[in-house]
Amino acid sequence: MSVMELDPRTALSFPKAAKMLLKETELRGNVRRATETIQAKRRKLVAEKDDWQELRESARQIRAHVLAHLGAYLEEFERNLTRAGGTVHWARNAEEAQAIVVSLAKEAGAQEVIKIKSMTTEEIHLNGALEEAGIHAYETDLAELILQLGHDTPSHIVVPALHKNRAQIREIFKREMNLPELGSAPEDLAEAARRFLREKFLRVHTAVSGANFLIAETGGICIVESEGNGRMCLTLPDTLIAVVGIEKVLPRFGDLEVMLQLLARSATGERMNPYNSIWTGVRPGDGPRKMHVVLLDNARTEVLADKEGRQTLQCIRCAACLNACPVYRQTGGHAYGSVYAGPIGAILTPQLMEMKHGQSLPYASSLCGACYEVCPVKINIPEVLIHLRNEVVKRHGPLAPEAIALRMVATLFRSERRFRAAQRLGRMAQTLLARRELKIVGQNVGQADWGDSQWIHWLPGMLGGWTRSRDLEAIPSESFREWWDRRSK
Amino acid sequence: MSAVISAREEILACISSAGTKGAEDAAADYARIERSYRQAARLSHAATLDLLEERLHEYGARVFRVAESEIASLCARLLRERGARRIVVPAGLPEKWLAGAGSAAESTLEIVPDADFDAAALDSFDSVMTASTVAIAETGTIVLASAPDEGRRAITLVPDYHLCVVREGDVVETVVEGMRRLDAVKEMPLTLISGPSATADIEMTRIKGVHGPRFLDVAVVRA
Amino acid sequence: MRVALFITCYNDTLFPQTGKAVVKVLERLGHEVEFPAGQTCCGQMHWNTGYQAEALPLVGRFVSQFEHAEAVVIPSSSCVAMMRDHYPIMAERIVREGGDASLPARVAALLPRVWEFSEFLTKKLCLTDVGASYPHKVAYHASCHGLRSLGLGDGPEALLRGVKGLELVAIERKEQCCGFGGTFAIKNADVSTAMLEEKVQTVLATGAEECTGCDNSCLMHIGGALHKLHAGTRTRHIAEILAAEEKGAL
């Protein structure tokens, strides 16, 4: 199928996009296998930490504390990074951030940049803006490279190409790297990427990254990765430009003792990911001579101002919620129409769009709570989903058909008399739909009322979504409360 | 640049009107953050060393436990086995550690102290040898903190084989202990290495060695 | 003990046999059951779908109907989760909006006495054998709210293991949602169906005659698909199994 645009302003609604993706059997198989693998690894390594819940609670408190004092910590970070020879830039929105990066890259004389995987730069569609300015961006994370060469978009926050299997990746590399003899073992594919990118690492002098954490106390930056492409980008070039959401700051270096333990286990199911780089500003003779950090708002301050939505910003982008989500498992990430997929995407995207777009996303969840259970910083995603549903309902207004219907139902629940009447009415109304069972199934169960049950096989309108895949047992002839009345007489 | 400055003011103003608190409460509030996770070690030092070895093995790294006096002969042997030909070393690496490596008559090993080589020049080295600042047993992590015997970050990145010396006294059990030791050097460029470069981007299969060194050997040295 | 039964709106209307079974089990164990007549709905559907204003009045209604009770038993894990997870914040909000200022304290006083049915048996009464007999092969579906919000853990399965003649079989990936999720099943019918298909396959793979659980909403969902497939396996609320005695089912 064609690549889905990951722009919430133009994306299909979740149910529509999901409907298309549900037909992609190969993609769904890839997603299922990959998420099951990560989940199994995560589960095993979380189980070996007997202080996991205490770590989560501390992480939650640290992140909530940062958000409660965000201005102070950003200013502290700015002060310390500046002292250490770096430069801080502030961007209110995607356009400003794009313009800052383009101008810094031009200042560095760059016609090409190498990039570390960064969802923040995906969020602001930076590559397109660079391309327009005549600057080509090379993605250096293996998964991002697969997507870039395959003209595809990320479907996962940590493993962006998890919807692709090795055969598909091989086809992309064969074609785009001109390697007709390429083998299909994962090792062959990784080796091809190593060779393809090494030349870029050695040649390109400007790099663009995101960051996992900023450290206010020192002005330091922490980047967490596996492949070494991050180290290449943040060590070899002359200029490094990091685009970072304002919420990513931590108060102190010491807070990493909590975050690093949680992040690797949650994200990739490792005790620790292969490489963590932490550095402060510019160090003569070691790493870039110019270090820029672009602090991006892009509606984050709006999220911050919403008391119930604020906890969304605690997120450390581990994607454990995606892997645990039974909805994501079915559709993969593209259905969410945003670079942020899965449960966290379902709450983050509409808020970053100031609730003007992505309004179907808060409903893209069965509220099963698996996301909250695995979240290393304890974001109560189901609570935020419910809160955002309320925001959507308010925006649709009282005259929306669903609002009218649900208000009518609500009036029934406010009066026992009306509720009883509705039960009787429902029984009457269903006579056209309900059918008595002709055969008794499961005779061995020996249920006395079994043969009396009636089933509905078709419902009209919106409710038809139910009966397409499920029958509905009809309303029995006597409600519980009628039985109770009879019994009490 | 006035537009950029105004973005700063506007973002900070939005933050402050979003019901956040000022700098004056930050320290006191920070002190109240609960930290009931495990902070102290549980294992003896001997068990900690065993755990580090076990974890490094899981990453496919080789581990050798030696006395200080044996480093030179071990390194010579390992470099020979790995087929090393050009090795870059940080300027502050103890010379005696490599005393046996370049001297043997049949040896073609060239030992070159780092001299601000650019990336392309570094690419001509197949090996690198360094010391380390801290090692964390629980996660099999080795930390380089840009000390004179560890060198700058690029030298442990471009060559394909990293031979790393860990002193027993620098080995701790937990991440918490490790990060607390690093507090003294927190503004130095730090690299936490947990096994060789790897990726799981293809079908979640861990593949060793994408861009960083593919081979890691660790010499754990008795004090 | 005098136990007040909150049957829930959908059990009342669609699954009266579950309520009858709850009454039978509790009375068999020597407790007295009452049914406050003014009860209707906990407000879950409205609250979770985004219609918070419509759900708010149901908090006061529930509290005034049940606050006198020694214990409140509810045969629906998601309704209990609704109350525990949301009633405190809903009560606060009612006060903020100028409503009954006594409500937060009354909610806080009542909630510790509100129990999901299986939880009441295992945690309040500390029972795993309620004298039931049910010689069938049964699979247990762990509804999400019971599993995660209420932390029912192994409780329901312990009760099933205590049933004479019952063979309990495990559903693979039992912690995975069946795809019901209230209005989710309507608004995202295609995804819900895909989730349900997986769940139904794992249920059928157990070879169980029946699939049970603590929440008729999930069971209605799973059971509806089983019925559509003419699978022969049906769903039944755990109360109905625990009510069954040697001579036959309820």
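Which FRET efficiency, nearest 0.05, do A:ALA421 and A:ARG486 yield, Cβ-Cβ r, R0 30 Å? Don't skip to the end; give the middle numbers.
Details: r = 18 Å, r/R0 = 0.60.
Computed FRET efficiency for A:ALA421 and A:ARG486: 0.95.
Just subtract the alpha-carbon distance of A:GLU478 and A:GLU199 from 0.36 nm times their residue separation and send over the number in nm, one decimal. Walk me through the numbers before you get to the answer.
Details: separation 279, 0.36 × 279 = 100.44 nm, distance 7.69 nm.
Separation in residues times 0.36 nm, less the Cα-Cα distance, equals 92.7 nm.
Leaving out ligands, DNA and RNA but keeping every protein chain, what accessible area does B:ARG65 have, in Å² rounded to the nearest 10, with a 1.4 Å probe?
Its heavy atoms expose roughly 80 Å² to the probe.
Considering only DSSP beta bridges whose two residues both sit in chain C, what percent are antiparallel, to the nearest 5? Let's see the in-between values first.
Details: 1 of 21 bridges.
Rounded to the nearest five, the antiparallel share is 5 percent.
Restricting attention to region C:200-250, which trypsin sites (Lys or Arg not before Pro) occupy a DSSP loop and are surrounded by at most 10 other Cβ atoms within 10 Å? Mind dumping the intermediate values first?
On the way: sites: C:LYS228, C:ARG234, C:ARG236, C:LYS247; in loops: C:LYS247.
Within region C:200-250, the qualifying trypsin sites (Lys or Arg not before Pro) (loop, at most 10 other Cβ atoms within 10 Å) are C:LYS247.
Over chain B, what is the mean sequence separation of C-alpha contacts under 8 Å (at least six apart), divided by residue count, expressed as relative contact order in percent?
Values: 385 pairs, mean separation 53.3, N = 223.
Normalised by residue count, the contact order of chain B is 24 percent.
Can you pull out the GluC sites (Glu not before Pro) in region C:62-140 whose DSSP state is coil and whose Cβ has at most 15 other Cβ atoms within 10 Å? Working shown, then result.
Numbers: sites: C:GLU67, C:GLU70, C:GLU92, C:GLU97, C:GLU116, C:GLU119; in loops: C:GLU67, C:GLU70, C:GLU97.
Loop-located and lightly packed - C:GLU67, C:GLU70, C:GLU97.
Within region A:163-210, list the GluC sites (Glu not before Pro) lying in a DSSP loop whose Cβ has at most 12 other Cβ atoms in a 10 Å radius. Before the final figure, lay out each step's value.
Details: sites: A:GLU171, A:GLU176, A:GLU181, A:GLU187, A:GLU191, A:GLU199; in loops: A:GLU181.
Qualifying residues, ordered by number: A:GLU181.
Percent relative contact order of region A:14-301, based on C-alpha pairs within less than 8 angstrom and at least six residues apart? Walk me through the numbers before you get to the answer.
On the way: 473 pairs, mean separation 79.8, N = 288.
Relative contact order comes out at 28 percent.
Using a simple spin-label model with points 7 Å from Cα along the Cα→Cβ vector, what separation in nm is obtained for A:GLU187 and A:ARG468?
4.7 nm
If you take every residue apart from C:LEU56 with its C-beta less than 9 Å away from the C-beta of C:LEU56, what net charge results, scoring Lys and Arg +1 and Asp and Glu -1?
On the way: positive: C:ARG93; negative: C:GLU54, C:GLU97.
So the environment of C:LEU56 carries a net charge of -1.
Among A:PRO376, A:ALA429, A:CYS233, flag the residue with its Cα farthest along the positive direction of the charge dipole of chain A, charges on Cβ as +1 for Lys/Arg and -1 for Asp/Glu.
Farthest towards the positive pole: A:ALA429.
May I ask you to derive the relative contact order of chain C, considering only C-alpha pairs under 8 Å and at least 6 residues apart, and to give it as an integer percent?
Values: 431 pairs, mean separation 50.4, N = 250.
Worked out over chain C, it gives 20 percent.
Which percent, nearest 5, of DSSP beta bridges in the protein assembly as shown are antiparallel?
Working: 28 of 97 bridges.
Antiparallel: roughly 30 percent of the beta bridges in the protein assembly as shown.
Dipole size in debye (nearest 20) for region C:137-243 around its Cα centre, Lys and Arg Cβ +1, Asp and Glu Cβ -1? Please list the in-between numbers first.
On the way: 11 positive and 12 negative charges, 22 e Å.
Taking the Cα centre of region C:137-243 as origin, the dipole is about 100 debye.
So what's the net charge close to B:ALA28: Lys and Arg +1, Asp and Glu -1, counting the other residues with Cβ under 15 Å from its Cβ? All intermediate terms of the calculation are to be shown ahead of the outcome.
Details: positive: A:ARG252, B:LYS21, B:ARG32; negative: B:GLU24, B:ASP25, B:ASP29, B:GLU34.
Combined, the nearby Lys, Arg, Asp and Glu give -1.
What distance in nm separates the two pseudo spin-label positions at B:SER6 and C:LEU111, each 7 Å out from Cα along the beta-carbon direction?
Roughly 4.8 nm, to one decimal.
Testing the spin-label approximation: label points 7 Å from Cα along Cα→Cβ at A:LYS356 and A:GLU48. State their distance in nm.
With each label placed 7 Å out from Cα toward Cβ, I get 4.9 nm.
Accessible area lost on pairing B with A, both sides, 1.4 Å probe, Å² to nearest 100?
Values: alone 12710 and 24520 Å², together 29730 Å².
The summed interface area works out to 7500 Å².
Quick one: among B:ASP170, B:ASP160, B:ASP123, which has the greatest mean-square fluctuation in a GNM of chain B with alpha-carbon springs under 10 angstrom?
The residue with the greatest mean-square fluctuation here is B:ASP123.
Can you give me the solvent accessible area of A:CYS325 with a 1.4 Å probe, rounded to the nearest 10 Å²?
Spelled out: A:CYS325, probe radius 1.4 Å, area about 10 Å².
What does the charge count near A:GLN359 come to, summing +1 for each Lys or Arg and -1 for each Asp or Glu among other residues with Cβ under 14 Å from its Cβ?
Numbers: positive: A:ARG9, A:LYS16, A:LYS356, A:ARG389, A:LYS394, A:ARG395, C:LYS187; negative: A:GLU354, A:GLU391, A:GLU402.
Counting the neighbours of A:GLN359, the net charge comes to +4.
Considering only C-alpha atoms, what is the centroid distance from region C:108-164 to region A:70-120, in Å?
Rounded to whole Å, the Cα centres lie 55 Å apart.
Just to verify a number: FRET efficiency for C:SER133 and C:ALA170, C-beta to C-beta distance, R0 = 25 Å, to 0.05? Could the numbers behind the result be given before it?
Working: r = 22 Å, r/R0 = 0.86.
The formula returns an efficiency of 0.70 here.
Past 29 Å, Cα to Cα, is the threshold; run A:LYS41/A:LYS164; A:LYS164/B:LYS208; A:LYS19/A:LYS164; A:LYS394/C:LYS228; C:LYS123/C:LYS174; A:LYS16/A:LYS394 against it and keep the listed order. Let's see the in-between values first.
Numbers: A:LYS41/A:LYS164 20 Å; A:LYS164/B:LYS208 20 Å; A:LYS19/A:LYS164 19 Å; A:LYS394/C:LYS228 37 Å; C:LYS123/C:LYS174 22 Å; A:LYS16/A:LYS394 23 Å.
Listed pairs above 29 Å: A:LYS394/C:LYS228.
Using a 1.4 angstrom probe and counting only protein chains, how large is the accessible area of A:LYS164 in Å², to 10?
The value for A:LYS164 is about 50 Å².
Take the Cβ-Cβ distance between A:ASN178 and A:THR82 as r, set R0 to 56 Å, and report the resulting FRET efficiency rounded to the nearest 0.05.
Values: r = 45 Å, r/R0 = 0.81.
Working from the Cβ atoms, E equals 0.80.
Setting aside same-chain residues fewer than 8 positions from A:LYS290, which aspartates and glutamates have a Cα under 14 Å from its Cα?
Candidates past the 8-residue exclusion: A:GLU107, A:ASP238.
Got a sec? Which residues of region A:90-117 lose 30 Å² or more of accessible surface with every protein chain in place, vs. that chain alone, 1.4 Å probe?
Listed by number, the residues meeting the 30 Å² cut-off are A:TRP90, A:ARG92.
The values are calculated or read from the model by the stated rules, or taken from the named source; none is laboratory data. The structure presented is a predicted model; accordingly, all values stated were derived computationally and were not measured. FYI the Cβ positions are ideal-geometry reconstructions off the backbone, even for glycines, and counts take in every protein chain you see. Accessible surface areas use protein heavy atoms only, side chains included; no ligands, DNA or RNA. Shrake-Rupley method; radii C 1.70, N 1.55, O 1.52, S 1.80 Å.
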